[in-house]
Structures are given as C-alpha cells and as structure tokens.
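Right, one structure below, let's go through it.
The values are calculated or read from the model by the stated rules, or taken from the named source; none is laboratory data. Small disclaimer: the values here were computed from a predicted structure and weren't measured. Cβ atoms come from the backbone with ideal geometry, glycine included; neighbour counts cover every protein chain shown. Each accessible area value is taken on the protein alone, full model and side chains, heavy atoms only, with ligands, DNA and RNA left out. Shrake-Rupley method; radii C 1.70, N 1.55, O 1.52, S 1.80 Å.
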Amino acid sequence: MSAQADDGFGPFCGALGCTDDADVVIDHPKHGERIVCWSCTDGYPVIRHV
C-alpha cells in the first residue's frame, strides 16, 4: 500500500474496475494523463510517481 493511501482516502487506480492504490501517472494516447496502479500501466509511458 502506498503512503498516500494509508489514510483510506486514495489516490486510487483510475483504470476501469480496479480498486488498487495508485502508484504512477501514465500518458495514455486516447485519455491523456491517467493515475493508475503498477498492474494497470499496460506498457504506457510513466510520467511520474504519485
């Protein structure tokens, strides 16, 4: 669990159906910057850690 999510208020993964803690911001070609967990990066470029 990431340090930011220890309080139970997120950030959470923005991928559809995923409820894991967010880890990084990716550059998605259709949706722009998305906050997701490591499992949901799907090979897209990581911009920064959250």
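With all protein chains kept in place, the per residue accessible area of region 8-50 amounts to 67 square angstrom at a probe of 1.4 angstrom.
Under the simplified labelling scheme, the Arg48-Asp20 pair shows an inter-label distance of 2.2 nm, with each label point 7 Å from Cα along Cα→Cβ.
Local charge for Trp38 was computed over the other residues whose Cβ lies under 11 Å away, with Lys and Arg +1 and Asp and Glu -1, and equals -4.
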